[in-house]
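Derivation of every value follows stated rules applied to the coordinates shown; laboratory data play no part. Only a predicted model underlies this, so the values are computations on that prediction, with no experimental measurement involved. Backbone-built Cβ (ideal geometry, glycine too); neighbour counts: all protein chains shown.
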Amino acid sequence: MNYKYFLSIRNKTVSSNLLECYMKAASVKEIKQELTTRSPKELLELCLRLSRFKKENKELLTYLLFESYDEQAYIKSIKADIDDQFEQINRKSYFYIRKSTRKILSSTKKYIRYSGKNETEVDLLIYFCLALKKFKPSMNGSAALQNMYIRQVELIKKTLSKLHEDLQFDYEQDLIDLQGGK
């Protein structure tokens with residue numbers, strides 16, 4: 001083995017280990033305690049700085065500040081986004097269809113995480129599955145799409161069991177429609 005090559009690998013490993021020691025994230029409890037000691041102005045600055053680092057942080061802050069008060073409007077806007085994304089799918093081959101569908105599901109789950117509500121999760125996943133079921137060419141031509149569909153229906157069932165009985169009854173018909181003709 002080349003000695004210079006060995007040293008460069010060794011130095012990279014050492015420097016990454018040092019970085020990990022200095023950049024270890026604090027626990028949620030520690031962060032919460034520290035935030036209670038900060039002034040409102042400092043909290044504002046921290047939130048604004050946090051929003052600059054990742055798009056997801058900015059999206060979460062947008063949801064919490066502007067959209068969390070009206071969950072139905074939030075759900076409606078996400079459904080419109082799902083429709084737009086399904087319309088833009090390249091239908092030339094199942095490869096592109098699978099790739100685009102995974103991307104749509106990923107963004108849908110991201111929006112579900114922002115909300116954190118089981119009702120929103122069930123509603124959006126049912127809508128995603130209905131859109132996938134209606135999509136042409138049919139998902140029956142791809143085992144991967146069928147498996148994705150089945151996994152989401154199972155997730156809907158699991159989340160549905162966590163909801164109140166009245167809400168469960170409301171969503172049962174949609175679930176029956178999903179399971180009727182796979």
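Things to note:
- Centre-to-centre separation between the Cα atoms of the range 90-121 and those of the range 138-182: 15 Å.
- Computed from backbone phi with θ = phi - 60° and the Karplus coefficients 6.51, -1.76 and 1.60, the 3J(HN,Hα) list for the range 140-151 is 5, x, 9, 5, 5, 5, 4, 5, 4, 4, 4, 4 Hz; x is used for glycine and proline.
- Among 148, 139, the order by Cβ neighbours within 10 angstrom, fewest to most, reads 148, 139.
- For the chain, built as a Gaussian network whose Cα springs stay under 10 Å, the top-fluctuating residue of 62, 36, 159: 36
- For the range 95-104, Karplus couplings with θ = phi - 60° (6.51, -1.76, 1.60), whole Hz, Gly/Pro x: 4, 5, 5, 4, 4, 5, 5, 4, 5, 5
- Relative packing of peptides 75-83, 52-60, 169-177 - highest average C-beta neighbours within 10 Å first: 75-83, 169-177, 52-60
- The alpha-carbon atoms of the range 52-94 define a convex hull whose volume equals 94 cubic angstrom per residue.
- Computed over all pairs of different Cα atoms, the Kirkwood value for the hydrodynamic radius of the range 54-182 is 15.4 Å.
- Partners of residue 54 within straight-line reach, counting lysines whose Cα lies under 30 Å from its Cα and excluding those fewer than 8 residues away in the same chain: 12, 24, 29, 32, 41, 76, 79, 99, 103, 109, 110, 117.
- Cα lying deepest toward the dipole's positive end in the chain, options 31, 127, 95, charges on Cβ: 95
- For residue 36, net neighbour charge (Lys/Arg +1, Asp/Glu -1) across residues whose Cβ lies under 12 Å away: 0
- For the chain, built as a Gaussian network whose Cα springs stay under 10 Å, the top-fluctuating residue of 92, 41, 134: 41
- Considering only 131, 144, 26, the mean-square fluctuation computed in a Gaussian network model of the chain, springs between alpha carbons under 10 angstrom, is largest for 26.
- Residue-wise HN-Hα coupling along the range 67-81, computed from phi with Karplus coefficients 6.51, -1.76, 1.60 (Hz; x: Gly, Pro): 10, 5, 6, 10, 5, 5, 5, 4, 4, 4, 5, 5, 4, 5, 5
- About the Cα centre, charge dipole magnitude for the range 70-182 (Lys/Arg +1, Asp/Glu -1 at Cβ), debye: 940 debye
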